[in-house]
Every structure is written in C-alpha cells, then in structure tokens.
C-alpha cells in the first residue's frame, strides 16, 4: 500500500483478504471464498505453495520483489537466480542476535527456551539476507542487530505505524476512587518482558489494575499464577479489535527484551495513552520523538517505581499521553508507508549510481 500511495504500480500476492481490497493494489488471492471460514493454521497449507508459484510466474526480471521474512527460501533462490531485486522486511531483530539474549532470559528463570529460534532457522535467515539487495529495518534495535554483519550495508531504515484516529473521544471524568488501568497488549511472554512486568506487579501500587489483552505463555502462567489470579490483574485473552481497550486505558506497558518496531506502542500513542516501555518496546517513535517513557526493563525496581509514579499522578499521565498522541500523528500509515517506499527507491538508486 505504501508503494501504491507513492505512485508505483503494485501487485499483491496473498492467500486472501478480508473486506474490501485496498485501493491502488492489484490483488492476487488464491483461497476460494467458501474456504475463508477455515482457520489460518489449516488454510495456509492449502495456499502457500499456490501463492508462491503464482508470484514467481507473474514477476518480471526488472521488477522489485518485496518479500515477507517467512516467504519460502525457495522463492528467494528462484528470484536471485533470475537477478530480480529483492527487498525483505525485518519484523524483529536478527535471530542470530535475539537467540542468545532470549536464551539467557529463559535460563535465568530456570526454563527451557520457548522462543522457537534454532540454529537452522538462523542459517536460513542468513541465507535469505545474502540474496537481498535491501532489508527494511523498522527500528534502531533492528538496525543495531545487523552491526558487524555482512548485510549491514543493505539496511534501509524505516518505521512502522498505525491508523491514527483523526479525533479522539473525550475521556470521561475520573472518579476519585477509580482504579488506574495499566494496559499490556500482545502475547504475555518472556520475549515481551512478561516475567519482569509480573515481578514488578507483585508490589503494584494501591488502586492500580493490570489489564492483559493477549495470549499468555504457559510458563508465565505457571511461574506467576499468584499475580495473574490476583484482584489487581484482569486477563482478557486474544482480541481482534483492541480500540476500546486503548480508550479505557490510563497507561500502556511494553518492557520487551526484543522487538522489531512494536505496533502496540504506536496504537497506544495514537489514542493518547502514555507508554512505559523498554528501548525495544519504545521503537522508532521513541528514539525519534522522546514521547515514550523509556525504562531499563532489566531493572524491576526501576520499572516498579515508574509504574508507581504514573499511578499516583493524573498530571503526569496527561502530559505523557498528550506528547505520545502528538508524536503519533507523524506515524500514521498514510505517511510512513509512502516514506518507507521512497527510502527504498532512494537506496536502490544510490546502489545503481555507485
């Protein structure tokens, strides 16, 4: 969509799209309408090879292939053999960097690693990167994960974003005895700093509630059952639409150990919700604007103190919320998506010129 808004002709190859097809895109979907009721875990087995085959048949040698990181290695190899320019997206930091970091976190908890990153997956990711001309790095953390690698010269700094509401509904007046709602959106897992957040919440400030929207890693459920089952925690499970949660929240939390560029942070900011996050959880919007309250997520006391400060001060919450909302305006998808594509074109033109 970003390329289309930048004025480039775009063909999108996908299993299917729910709702209306995005304007400006020539959408090629392979899943029949009557099979859209199937869960993705089943439908992907019916569509993946068909999508990839149709894509390879359609793309010209002089076009740019924009590939998601999970696209089959065989697709990368087929395109590289034809000399097609490949641009790939990095959703998270490089696996070679993320694995030892997450291994240490699980080991510190006495757990077997549950992140799913293996040496084989690292080798496969490196093989993909070796065939790329350009690699989108949506945050400073992703950029840093390429430092010292043979792929560092292929990085195109970009960012993620969100659909920023033009007008926010006024927040209702807070009753004096109303709890302060701290919101966590995403899978509550070690990678997201769940163990640090829940440890901090063992001594949560009086009158504060932790609202968790997302699945909970089984190991976190086992280790922190006392916290998760306490009156000061509310677990909603997975949701498709979390807009209402942001509208009800007072503060958002994301003390991640590893991220790409977290959409949840942009979403919270767009709704004027102040965000307490790690540097990973703050992402590009934090590094560029300073509108996210960044804490050392490895320091539980620091995280707990920051939570207490925000729980105690309406003025603090309003000021950081207003700053986050103002910063989010520059990260609406209508703005960042075309900008990302322009950066890619500029990068490719420079590569050709040099």
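Does residue 199 meet the test of being modelled with pLDDT of 95 or more, closer than 19 Å to residue 321 by Cα and either in contact with a helix residue (DSSP H, G or I) (Cβ under 6 Å, 6 or more places away or on another chain) or part of a helix (DSSP H, G or I) (or both)? Here the answer is no, as residue 199 does not meet what is asked. Let me confirm something: among 329, 298, 348, which residue is in a helix (DSSP H, G or I) and either surrounded by 23 or more Cβ atoms within 10 Å (Cβ to Cβ) or in contact with a helix residue (DSSP H, G or I) (Cβ under 9 Å, 6 or more places away or on another chain) (or both)? From the options 329, 298, 348, the qualifying one is 329.
Here is a yes/no grid of residues against (1) at pLDDT 95 or above; (2) touching a strand residue (DSSP E or B) at 6+ places or on another chain (Cβ under 7 Å); (3) part of a loop (DSSP other than H, G, I, E, B):
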position: 240; (1), (2), (3): no, no, yes
position: 288; (1), (2), (3): yes, no, no
position: 303; (1), (2), (3): yes, no, no
position: 337; (1), (2), (3): no, no, no
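The set of residues in the range 57-75 that are in contact with a strand residue (DSSP E or B) (Cβ under 7 Å, 6 or more places away or on another chain) and under 18 Å from residue 92 (Cβ atoms) comprises 66, 67, 68, 69. Where helices (runs of 4 or more DSSP H) fall entirely within the range 18-135, those with at least 3 residues that are under 30 Å from residue 218 (Cβ atoms) are at 40-58, 95-108, 119-130. Here residue 150 meets the list (1) part of a helix (DSSP H, G or I); (2) in the same structural domain as residue 348 (by TED's automatic domain parsing) almost entirely, failing just condition (1).
The values are calculated or read from the model by the stated rules, or taken from the named source; none is laboratory data. Since the model is a prediction, treat every value here as computed from it, not as a measurement. Reconstructed Cβ throughout: ideal geometry from the backbone, glycine too, with neighbour counts over all protein chains shown.
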